[in-house]
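Participant: Sharing a structure, written as structure tokens. Questions coming.
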Ligand code: NAD
């Protein structure tokens, strides 16, 4: 028993216990040497007064085993309950969400017979840092954070995943034509890292047209890596158009711990009736077996499952009279997979796993330290909550605080330059960005920006925030306004 690999298992809510039972029976039949530690998560933990849905003691098990097989949970209605998924992801630093979206034509109905796409979504950064502010009566703000190490980790993970899984191409989606610094950094790092993988094709698409192409012609893509928000949306689109939301599993990979699950929820209305399809959780478990190095067992389980689907043994959710042979419940489906252990599919592509993707030390590595750049303060944007007049009036009045080497050079509203010049048609909200730059392009001292802020407040303005303007080795570290 001592050679067994420890994993942490949570049954979850709704259909969770049934699909977990089916999954574990199949894993056992594959001969996977696992040592299962059980923890409680979800509804009953929430209702026992734990607002994050997980008991403090459960973290110990996760830290010990480093592998978490998790069934879906029910998040109780009403406020005050924090998403367990987000908590686990953030606490354990699960930076990569990996979701294979495969069609099983002609055995499962889909418009995309040849689809076989893996979405690799950055899981920790972007707009999901959850840093939001209400700054004026009319304007809310959400901070979008993209970091160099965060982007390097996820992009390198995507290339390593492609290499290990014999994938030919990695595509990157961003919106860097608009978000030149944040998405621009992600794209730039993609180009840098792609050079380290000359054996793998690479390409970049602007996310809007890329998403349209993905929905229309998914067979044009192989592995697609994206920042968090685009990945969140498009991984659901990809799973849905594969025709099989109920069949998809996903992996959340961190440097120390990894979590594997189905992508669907706890389907409470189907609970306790031996109806649910265990395939999503099972395919999540297959990714887990690969991750912990049990590639032979992963292959056996995956191929027995493909053969079962191919043999027309289907649960109600994918049952279709024209292709299905037998409608079965959760338990009988698991029995059918176990009976086919050792068999391979005849029409569908058989699964082949070579090496543990998560076990590869290259995956998820950030690049080594770089030479530091010279960072210089060259100005400051001061944001005002103001609704007492026009842009022209604000520009003229605010120019009076120019002093001490700092000069008002531009005012923008919602990113559009409105002073000096500007267009009468531009709608202005109560949220103004006033840019002060050093007279003659000199370097600014932090104390100059502080005394500027003092003059602005003394003049009676409501300064709601400031944003320092830097150059890095002379390169501008801020964007210009539309029309500046
Ligand atoms: P859901 O995924 O549970 O169900 C959507 C639909 O798909 C339902 O019609 C359901 O019957 C069907 N379905 C889902 N999984 C199935 C399966 N394995 N076999 C057969 N049919 C299946 O989504 P929902 O109804 O929006 O959410 C239910 C609960 O699940 C909510 O409390 C939600 O918060 C939670 N949820 C949890 C997770 C998670 O733990 N990872 C993810 C999504 C939703």
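Participant: Mind listing whichever residues of segment 170-203 are part of a strand (DSSP E or B) and either more than 18 Å from residue 233 (Cα to Cα) or outside the structural domain of residue 235 (by TED's automatic domain parsing) (or both)? Walk me through how you get there before you give the answer.
Facilitator: To start, the set of residues in segment 170-203 that are part of a strand (DSSP E or B) comprises 170-174, 201-203.
Residues satisfying the conditions are 170, 201, 202, 203.
Participant: Which one is nearest to the ligand (Cβ to nearest atom), of the residues in segment 270-297 that are free of Cβ contacts under 8 Å to residues at least 60 places away in the same chain and in a helix (DSSP H, G or I)?
Facilitator: So, considering only residues that are free of Cβ contacts under 8 Å to residues at least 60 places away in the same chain and in a helix (DSSP H, G or I), the one nearest to the ligand (Cβ to nearest atom) is 279.
Participant: Identify all residues within segment 308-319 that are within 14 Å of the ligand (Cβ to nearest atom) and either closer than 18 Å to residue 69 by Cα or in contact with a strand residue (DSSP E or B) (Cβ under 9 Å, 6 or more places away or on another chain) (or both); write none if there are none.
Facilitator: 314, 315, 316, 319
Participant: So, one more: Counting only residues that are within 11 Å of the ligand (Cβ to nearest atom) and surrounded by fewer than 24 Cβ atoms within 10 Å (Cβ to Cβ), how many does segment 250-263 have?
Facilitator: The total comes to 2.
Participant: While we're on this one: Across segment 46-81, which residue is surrounded by the most Cβ atoms within 10 Å (Cβ to Cβ) among those that are under 27 Å from the mean Cα position of the chain (by Cα), over 16 Å from residue 92 (Cβ atoms) and more than 13 Å from the ligand (Cβ to nearest atom)?
Facilitator: Filtering first and then ranking leaves 50.
Quick grid of which residues meet (1) over 41 Å from the mean Cα position of the chain (by Cα); (2) within 21 Å of residue 376 (Cα to Cα):
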{"site": "399", "(1), (2)": "yes, no"}
{"site": "404", "(1), (2)": "yes, yes"}
{"site": "420", "(1), (2)": "no, no"}
{"site": "423", "(1), (2)": "no, no"}
{"site": "447", "(1), (2)": "no, yes"}
{"site": "460", "(1), (2)": "yes, no"}
{"site": "473", "(1), (2)": "no, yes"}
{"site": "479", "(1), (2)": "no, yes"}
{"site": "482", "(1), (2)": "no, no"}
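Participant: Tally the residues that are assigned to a loop (DSSP other than H, G, I, E, B) and modelled with pLDDT of 90 or more, restricting the search to segment 360-402. Explain how you work it out, then say what you get.
Facilitator: Step one: list which residues in segment 360-402 are assigned to a loop (DSSP other than H, G, I, E, B), which gives 360-374, 386-390, 402.
Filter again for modelled with pLDDT of 90 or more, leaving 373-374, 386-390, 402.
Counting residues in segment 360-402 that are assigned to a loop (DSSP other than H, G, I, E, B) and modelled with pLDDT of 90 or more gives 8.
Participant: Consider residue 208 against the criteria (1) without any contact (Cβ under 8 Å) to a residue 12 or more places away in the chain; (2) farther than 28 Å from residue 279 by Cβ: it satisfies all of them except one. Which criterion is unmet?
Facilitator: All conditions pass for residue 208, except number (1).
Participant: I need every pair where a residue in segment 53-75 that is within 17 Å of residue 256 (Cβ to Cβ) has its Cβ under 6 Å from the Cβ of a residue that is within 15 Å of the ligand (Cβ to nearest atom) and part of a loop (DSSP other than H, G, I, E, B), sequence separation at least 6 or different chains.
Facilitator: none
Participant: Could we say that residue 305 is more than 11 Å from the ligand (Cβ to nearest atom) and surrounded by fewer than 24 Cβ atoms within 10 Å (Cβ to Cβ) here? Spell out the reasoning first.
Facilitator: Numbers: more than 11 Å from the ligand (Cβ to nearest atom): yes; surrounded by fewer than 24 Cβ atoms within 10 Å (Cβ to Cβ): no.
It is false that residue 305 is more than 11 Å from the ligand (Cβ to nearest atom) and surrounded by fewer than 24 Cβ atoms within 10 Å (Cβ to Cβ).
Okay, residues lined up against (1) surrounded by 23 or more Cβ atoms within 10 Å (Cβ to Cβ); (2) farther than 26 Å from residue 147 by Cβ:
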residue	(1), (2)
172	yes, no
175	no, no
180	no, no
186	yes, no
192	no, no
215	no, yes
241	no, yes
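Yes/no per residue for (1) within 27 Å of residue 185 (Cβ to Cβ); (2) buried (at least 21 other Cβ atoms within 10 Å of the Cβ):
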| site | (1), (2) |
| --- | --- |
| 97 | yes, yes |
| 103 | no, yes |
| 113 | no, no |
| 140 | yes, no |
| 153 | yes, yes |
| 162 | yes, yes |
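Participant: Could you tell me whether residue 93 is out of contact with any helix residue (DSSP H, G or I) (no Cβ under 9 Å at 6 or more places or on another chain), free of Cβ contacts under 8 Å to residues at least 12 places away in the same chain, more than 30 Å from residue 347 (Cβ to Cβ) and part of a loop (DSSP other than H, G, I, E, B)?
Facilitator: On the way: out of contact with any helix residue (DSSP H, G or I) (no Cβ under 9 Å at 6 or more places or on another chain): yes; free of Cβ contacts under 8 Å to residues at least 12 places away in the same chain: no; more than 30 Å from residue 347 (Cβ to Cβ): yes; part of a loop (DSSP other than H, G, I, E, B): yes.
It is false that residue 93 is out of contact with any helix residue (DSSP H, G or I) (no Cβ under 9 Å at 6 or more places or on another chain), free of Cβ contacts under 8 Å to residues at least 12 places away in the same chain, more than 30 Å from residue 347 (Cβ to Cβ) and part of a loop (DSSP other than H, G, I, E, B).
The values are calculated or read from the model by the stated rules, or taken from the named source; none is laboratory data. This structure is a prediction, so every number in the text was calculated from the model and none was measured. Quick reminder, even Gly has a Cβ in these numbers, built from the backbone with ideal geometry, and neighbours come from all protein chains shown.
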